[in-house]
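Here's the structure, in structure tokens; my notes come after.
The values are calculated or read from the model by the stated rules, or taken from the named source; none is laboratory data. This is a predicted model, so every value here is computed, not measured. Here the Cβ positions follow ideal geometry from the backbone for every residue, glycine too, while neighbour counts run over all protein chains shown. Remember, those area values only see protein heavy atoms, side chains included, never the ligands or the DNA or RNA. Shrake-Rupley method; radii C 1.70, N 1.55, O 1.52, S 1.80 Å.
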2 protein chains.
Amino acid sequence: MDDRLRRSMPLFSMGIVQNLTGLTARQIRYYEENALIEPERTEGNRRVFSFNDVEKLLDIKSLLDEGVNLAGIKHVLSSKPVESNQPLNAVKQKKSDLSDADLMKYLKRELINAGKFGDQARIQGEFSRFFNQK
Amino acid sequence: MDDRLRRSMPLFSMGIVQNLTGLTARQIRYYEENALIEPERTEGNRRVFSFNDVEKLLDIKSLLDEGVNLAGIKHVLSSKPVESNQPLNAVKQKKSDLSDADLMKYLKRELINAGKFGDQARIQGEFSRFFNQK
DNA sequence: TTTTTCTGTAAGAAAAACTAACATAGATTG
DNA sequence: CAATCTATGTTAGTTTTTCTTACAGAAAAA
């Protein structure tokens, strides 16, 4: 639960994600169009990506490099060890009587265990993916 | 080292940081103006904040809540990495341009918060700092 | 060959972010 | 007390970033 929330928290803007992944905006939007990712939106309709999204984009990238097409990638991703494919909205639904502010507090509280990020045990996790790009 | 890179990596746009910290853009810019943080810039001059920046902003926020002024906060932040090991004299030396009152506030705060900041945060890493705010 | 897939590019619009300037309540200082 | 300083709000005008939509084309698939 903690993990799912943390990973689906909207954090990164389009520009950042382009830098992080090396993908173009066009590609990223196309993958969204094909339901491979579901970034949140700001009030003004700007995309905001989560760890989950970025991680998926990196997966997509490397699978594309291997010659897998989008249809194949979609299958690979959907059969991936769950963690969380759920966008924040799904969580929001469950807590439907919470205001956004309350949800924020809730998230922050729930994310106490985010220290896992630094753990050796999670060396395959998203952080190493972000920062050990080759 | 790897850690330092990660923590100083530019990741977050202004809007995200406002959400993450609850501070206004005006405040954030003002703190930068006063050299409390040094976010990177995009080619187009937009700020891009690191984990470090966000963490500092959260520190600033909670110190402000405690009544410490920016001058005091500046000193607290600059001495933070070694806060618990630093002998009083060294602190006093470093803070020679602080008024006695400010120094008093600073010291009091250090005592009161001896455990709040450092320990848990140091163990769990920056993420818990982000999301464990109250 | 024809169609589909994936990405590029361009145009126009809107959001987000920037700087600079002025305003001000609450502290601090003389 | 008056003057100044601090920290933040607000507004205006500008620039950057992002958005959608549409058209184009190479490569792969049918």
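Assorted remarks:
- Within the range B:30-57, if we keep just the residues that are farther than 15 Å from residue B:74 by Cα and among the charged types (D, E, K, R), the residue that is least open to solvent (accessible area, probe 1.4 Å) turns out to be B:47.
- In the range B:30-49, the residues that are under 14 Å from the mean Cα position of the chain (by Cα) and among the charged types (D, E, K, R): B:32, B:38
- Count of the range A:33-70 residues which are at positive phi and touching a residue at least 12 places away in the same chain (Cβ under 8 Å): 1
- Every residue from the range A:9-62 that is hydrophobic (A, V, I, L, M, F, W, C), more than 13 Å from DNA strand D (Cβ to nearest atom), part of a loop (DSSP other than H, G, I, E, B) and more than 10 Å from every other protein chain (Cβ to nearest Cβ): A:35, A:36
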